[in-house]
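Report on the following structure.
What follows is calculated from the coordinates using simple rules that are stated; it is not laboratory data. In this text, all values refer to a predicted model and were calculated from it rather than measured experimentally. Reconstructed Cβ throughout: ideal geometry from the backbone, glycine too, with neighbour counts over all protein chains shown.
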């Protein structure tokens with residue numbers, strides 16, 4: 001009768017159902033090790049991405065309104081310009097050429113070889129009026145800037161809030177060596193989170 005209630009394997013040893021009170025206790029140590037390993041791998045991957053690819057940055061100032069507000073948080077892709085050239089319209093973060101301890105964020109409006117001028121607030125690149133939907137009427141600046149050719153390896157940058165921006169009109173074109181990366185994504189505040197254009 002006892003043999004009917006127990007399960008015996010070929011060697012004659014008794015085995016108990018998994019939820020039996022006689023079942024051996026499963027060690028939690030391998031589970032903890034596995035969880036810890038996964039956590040550390042995730043942490044290393046995150047650190048790699050932050051160090052080499054994306055960097056969180058806080059916008060300070062209002063020169064990029066309405067696209068970016070003061071204290072807004074964004075991610076800057078530090079790797080993208082190793083794969084593709086900087087283009088007109090890109091929003092870039094760069095070290096201020098007159099004090100490299102400071103970083104600025106502006107929009108590229110002209111690249112190397114372009115002729116750029118501003119006539120009563122209207123931007124011309126290579127003699128063509130540039131449509132700038134990112135600059136609302138109330139943020140325009142009616143000042144003019146004489147035509148200049150952007151030197152090789154440099155970029156002419158402007159803030160979207162033209163009347164408040166300290167940009168290439170003041171300090172000239174920005175050299176490639178000062179560029180930190182491309183502003184790609186806003187993440188704070190949440191209501192403004194999304195891809196930057």
Inset, instruction - Give, as residue ranges, the strands (runs of 3 or more DSSP E) completely inside region 91-197 that count at least 2 residues that are over 21 Å from the mean Cα position of the chain (by Cα), at positive phi and surrounded by fewer than 14 Cβ atoms within 10 Å (Cβ to Cβ). - result: none
Inset, instruction - Kindly indicate the residue of region 23-65 that is exposed (fewer than 14 other Cβ atoms within 10 Å of the Cβ) and either in contact (Cβ under 8 Å) with a residue 12 or more places away in the chain or touching a helix residue (DSSP H, G or I) at 6+ places or on another chain (Cβ under 7 Å) (or both) and also farthest from residue 194 (Cα to Cα) among those meeting that condition. - result: 52
